[in-house]
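Some notes on the structure that comes next.
Derivation of every value follows stated rules applied to the coordinates shown; laboratory data play no part. Quantities reported herein were computed from a predicted structural model and do not represent experimental measurements. Reconstructed Cβ throughout: ideal geometry from the backbone, glycine too, with neighbour counts over all protein chains shown.
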Amino acid sequence: MQRIPDLDDLRRAIAHGWSSETSSKWRLDNPALGQCSVTALVAQEIAGGAILKTAVGSAWHFYNEIDGRRIDFSESQFDGPIVYDDLATDREEAFADTSARQHETLLRRVRLTLARDPSTDGLRPNRK
């Protein structure tokens with residue numbers, strides 16, 4: 001049985017995995033930019049729960065509900081607070097906003113980071 005990581009450990013592992021290979025919008029000064037769908041997919045695979053969405057401007061923003069709590073691992077991409085609609089969605093819709101390659105890359109990186117060092121303390125995000 002797979003161990004479900006602490007959500008803080010998962011948050012650090014996800015941030016460590018972000019790069020231009022996981023989102024074409026990635027920027028050094030805003031690594032969470034464009035990472036919402038791929039991140040929500042990976043987080044669901046690792047921690048379970050549901051994928052939710054909300055409109056931010058003219059686009060959908062994807063995030064998770066885990067153990068009955070809203071968890072938005074990529075909220076730091078926005079300059080201000082988000083008004084969450086908590087609309088149910090599914091993996092298919094989230095996948096429409098990313099690619100299989102981006103998903104596989106982030107999933108592999110997060111799993112490796114969690115397996116190597118569950119606390120992920122001291123790790124720096126990928127810079128590519």
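Any idea what % of Cα-Cα pairs in the chain are farther than 25 Å? Mind dumping the intermediate values first?
Values: 1315 of 8128 pairs.
Summing the P(r) tail past 25 Å for the chain gives 16 percent.
So, with +1 on the Cβ of K and R and -1 on the Cβ of D and E, and no other charges, what is the size of the charge dipole of region 33-101 about its Cα centre, to the nearest 20 debye? Mind showing how you got there, number by number?
Values: 5 positive and 12 negative charges, 27 e Å.
Using only the charged Cβ atoms, the result is roughly 140 debye.
Near Trp18, the amide H atoms lying under 5 Å from its own belong to Asn126; only residues 5 or more places off or on other chains count, and H is placed 1.01 Å from N. With θ taken as phi - 60° and the Karplus curve 6.51 cos²θ - 1.76 cosθ + 1.60 applied, the whole-hertz 3J(HN,Hα) list for region 76-83 is 5, 5, 9, 6, x, x, 9, 8 Hz, x standing for glycine and proline. Spin-label pair Leu7-Asp90: with each label point 7 Å from Cα along the Cα-Cβ axis, the two points sit 2.6 nm from one another. Dividing the mean sequence gap of close Cα pairs (under 8 Å, 6+ apart) by how many residues the chain holds gives a relative contact order of 35 percent. The HN-Hα couplings worked out from phi for region 51-61 by the Karplus form 6.51 cos²θ - 1.76 cosθ + 1.60 (θ = phi - 60°) are 9, 10, 9, 8, 7, 10, x, 9, 10, 7, 10 Hz, whole numbers, x standing for Gly and Pro. Here the Karplus curve 6.51 cos²θ - 1.76 cosθ + 1.60, taken at θ = phi - 60°, turns the phi angles of region 19-32 into couplings of 6, 5, 7, 10, 7, 5, 8, 3, 9, 4, 7, 8, x, 7 Hz, with x standing for Gly and Pro.
For Phe73, the residues 5 or more places off, or on other chains, whose built amide H falls under 5 Å of its own are Asn64.
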